[in-house]
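Participant: This structure is in structure tokens; I'll ask about it shortly.
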Amino acid sequence: MRDRGGTAVEEHRGPVLLRVVARLRLTTVYVLLLTATAGWLASQSRSERARFVRHNSSNVHHMEVGKWYTLFTSGLVVDGVPAWAGIAAVAVVLGLAEWRWGAVRAGAVFVFGHLGATLLTEGAMWVMLSTRIPGALSHARDVGISYGLVATGACLLALGPVPLRRYGLPALTLALATAWAVDQELADAGHLIALGLGVLASRSPWLRQRTPVTA
């Protein structure tokens, strides 16, 4: 009896897991790509990892020489936090977005935040370089998943229940603003921009028609 019961539970879990993966295809594919990239980087030497990040950073230099593909390849690298933590955050945040809005809308918000914040921050860096403002770097290290993650998270909070909109979104804003005030890094400014882009995306009827917003 115990064996039959255990088998029944396993058989039940199997179809449930398959249904979840089928519904979260975008998240599953992205998590697998991030995991594969992180695994490959972990197997490389420090110099090879640095070279990979250098060649896939979406900075002013790469934009000027036409390496626009770095806008996308930079989003395959988890940077600034342990790889497992970044991948888990993507699984949760992007997974929730895809569950609520579907793959196309969730992917659009993530890409909008990633590309929008990257282009705006690097555009500001280009202006600083053009006007010879000190501190600007044309070969800056700029990789990671955080812009898309912040934009998607902000959009989820902005379209969530009243407590999330009233407390969650201001708390996220305060945390990101504090990080920028303390570190004064380009990425910190990019996170605030990404948050704004996520809130902007939440105003789109394209998302609101798929999201029941409670008053």
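Participant: Restricting the range 39-61 to residues that are in a helix (DSSP H, G or I) and touching a Phe, Trp or Tyr at 6+ places or on another chain (Cβ under 8 Å), which is surrounded by the most Cβ atoms within 10 Å (Cβ to Cβ)?
Facilitator: It comes out as Val60.
Participant: How do the pairs read when you match residues in the range 62-89 that are over 18 Å from Ala151 (Cβ atoms) with residues anywhere that are charged (D, E, K, R), using Cβ under 7 Å and keeping only pairs 6 or more apart or on different chains?
Facilitator: Hits for this filter: Met63/Glu122.
Participant: Suppose we keep only residues that are modelled with pLDDT under 95, crowded, with 16+ Cβ neighbours inside 10 Å and not small (Gly, Ala, Ser) within the range 71-95. Which one would you say is nearest to Arg203 (Cα to Cα)?
Facilitator: Ranking the qualifying residues of the range 71-95, first place goes to Leu71.
Participant: Taking the options Asp183, Asp188, name whichever one is within 29 Å of His55 (Cα to Cα), among the acidic types (Asp, Glu) and surrounded by 14 or more Cβ atoms within 10 Å (Cβ to Cβ).
Facilitator: Asp188
Participant: In the list Thr178, Thr121, which residue meets the criterion of being polar (S, T, N, Q) and in contact (Cβ under 8 Å) with a residue 60 or more places away in the chain?
Facilitator: So the residue among Thr178, Thr121 that is polar (S, T, N, Q) and in contact (Cβ under 8 Å) with a residue 60 or more places away in the chain is Thr121.
Participant: Tell me, yes or no, whether the range 106-114 has at least one residue that is in contact with a Gly (Cβ under 8 Å, 6 or more places away or on another chain), open to solvent by less than 40 Å² (accessible area, probe 1.4 Å) and modelled with pLDDT under 95.
Facilitator: Looking through the range 106-114, none of the residues is in contact with a Gly (Cβ under 8 Å, 6 or more places away or on another chain), open to solvent by less than 40 Å² (accessible area, probe 1.4 Å) and modelled with pLDDT under 95.
The values are calculated or read from the model by the stated rules, or taken from the named source; none is laboratory data. All of these numbers come straight from a predicted model, not from anything done at the bench. In this analysis, Cβ positions are derived from the backbone assuming ideal geometry, glycine residues included, and neighbour counts consider all displayed protein chains. Ligands, DNA and RNA are stripped out before the accessible areas are found, and what is left, the full protein with its side chains, is counted by its heavy atoms. Shrake-Rupley method; radii C 1.70, N 1.55, O 1.52, S 1.80 Å.
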